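So the structure is just underneath, and the comments pick up after that.
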Amino acid sequence: MTAKQSRASSLVLADVQSRSDDRSLAIDWVGVKGLSYPITVLDRVQGTQATVGSVTMLVRLPQEQKGTHMSRFVQILEEHHTEITLSSVQAMLQEMQQRLGSERARIEVVFPYFITKEAPVSRARGLVGYNVQLAGRTGIQDRLELRVEVPVTTLCPCSKEISEVGAHNQRGTVTVLVRLRGMLWLEQLVETVERCASCEVYSVLKRPDEKYVTERAYRHPVFVEDLLREIAAELMQRDVVEHFVIEVETSESIHDHNAYGYVSRTRDDTSPTGWS
């Protein structure tokens with residue numbers, strides 16, 4: 001082996017990340033972010049659904065270690081990407097702690113999820129996309145969370161009450177985050193939100209369908225506050241939900257601002273209502 005080859009070999013084999021650091025400063029979170037990767041998630045109808053996730057995988061770096069091993073994050077994801085669930089996220093978190101020698105780990109997987117919906121009258125079929133996040137962390141408080149953004153239509157009760165004809169309506173986005181202690185299909189969360197709105201949103205609507213959704217929204221007016229309370233009431237009836245956060249934001253059609261509301265509750269057996 002020549003001197004040049006010897007130097008190249010030593011550079012390749014050197015494990016610089018594992019060297020010690022003398023600055024006495026631990027890093028809260030370090031790892032990979034924005035990693036685009038094909039994943040497979042559970043689908044209530046089809047069994048599974050292929051999609052693409054934007055993945056963040058992070059660990060806490062102790063003060064004595066110079067750097068983390070970035071390639072190990074991707075190796076762990078590669079071993080699990082064929083089925084991404086709350087259970088597999090938990091398994092990846094444990095592997096990250098073990099293989100990266102960290103006391104804390106964190107994962108976020110953001111992906112589009114598609115549900116086939118039938119128009120209410122014509123039964124024309126079309127896909128509606130929902131932004132979803134599976135997230136988990138270990139450390140001081142372990143947690144696994146599912147979040148979904150659901151587009152909806154809302155119609156203003158006040159506008160309907162005071163107007164001789166019509167009422168203003170708007171497109172809104174409901175974001176629901178839940179921590180679970182049992183199985184809950186993503187589709188069930190979406191259906192809960194859509195059921196509480198003035199009307200759900202479709203990708204394909206014929207004229208009879210447009211008539212239906214317009215009249216349906218008119219018959220079911222809701223303020224942002226109404227929508228928050230209705231969704232919260234339904235989630236509080238589900239035994240598998242131990243914590244939830246609900247956000248509603250509507251793009252007001254006659255105001256120069258959006259309307260917004262937020263509700264967060266955690267199951268608490270010591271509370272008279274069972275929630276705090």
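The values are calculated or read from the model by the stated rules, or taken from the named source; none is laboratory data. As the structure is a prediction and not an experimental result, all values here were calculated from the model. Glycine also receives a Cβ, built like all others from the backbone with ideal geometry; neighbour counts cover every protein chain displayed.
What do you reckon, is T175 within 18 Å of V248 (Cα to Cα), touching a Lys or Arg at 6+ places or on another chain (Cβ under 7 Å) and buried (at least 16 other Cβ atoms within 10 Å of the Cβ)? So T175 fits the description; yes. When L177, L155 are checked against the criterion of being assigned by TED's automatic domain parsing to the domain that holds V213 and farther than 24 Å from S54 by Cα, a single residue qualifies: L155. Of all residues in segment 96-114, those satisfying the criterion of being crowded, with 17+ Cβ neighbours inside 10 Å and either assigned to a helix (DSSP H, G or I) or of a type outside the set (F, W, Y) (or both) are M96, Q97, L100, S102, R104, A105, R106, I107, E108, V109. The residue that is nearest to L235 (Cα to Cα), counting only those in segment 115-173 that are assigned to a loop (DSSP other than H, G, I, E, B) and touching a residue at least 60 places away in the same chain (Cβ under 8 Å), is C156.
V150 meets each of the listed conditions (1) assigned by TED's automatic domain parsing to the domain that holds L180; (2) surrounded by fewer than 13 Cβ atoms within 10 Å (Cβ to Cβ); (3) within 22 Å of the chain's Cα centre (by Cα); (4) aliphatic (A, V, I, L, M) apart from (2). Looking only at segment 221-236, which residues are more than 19 Å from the chain's Cα centre (by Cα) and either at pLDDT below 95 or within 19 Å of S251 (Cβ to Cβ) (or both)? Within segment 221-236, P221, V222, F223, V224, E225, D226, L227 meet the criteria.
The residue of segment 37-81 that is farthest from E118 (Cα to Cα), among those that are in contact with a strand residue (DSSP E or B) (Cβ under 6 Å, 6 or more places away or on another chain) and among the hydroxyl-bearing types (S, T, Y), is T68.
Each row is one residue, and each column tells you yes or no for (1) of a type in the set (A, V, I, L, M); (2) in contact with a Gly (Cβ under 6 Å, 6 or more places away or on another chain); (3) modelled with pLDDT of 95 or more.
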residue	(1), (2), (3)
M92	yes, no, yes
A105	yes, no, yes
Y113	no, no, yes
A119	yes, no, yes
A124	yes, no, yes
Q141	no, no, no
L146	yes, no, yes
E149	no, no, yes
V152	yes, yes, yes
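Of the conditions (1) assigned to a strand (DSSP E or B); (2) buried (at least 16 other Cβ atoms within 10 Å of the Cβ), M92 clears all except one; give me its number. Result: M92 passes all but (1).
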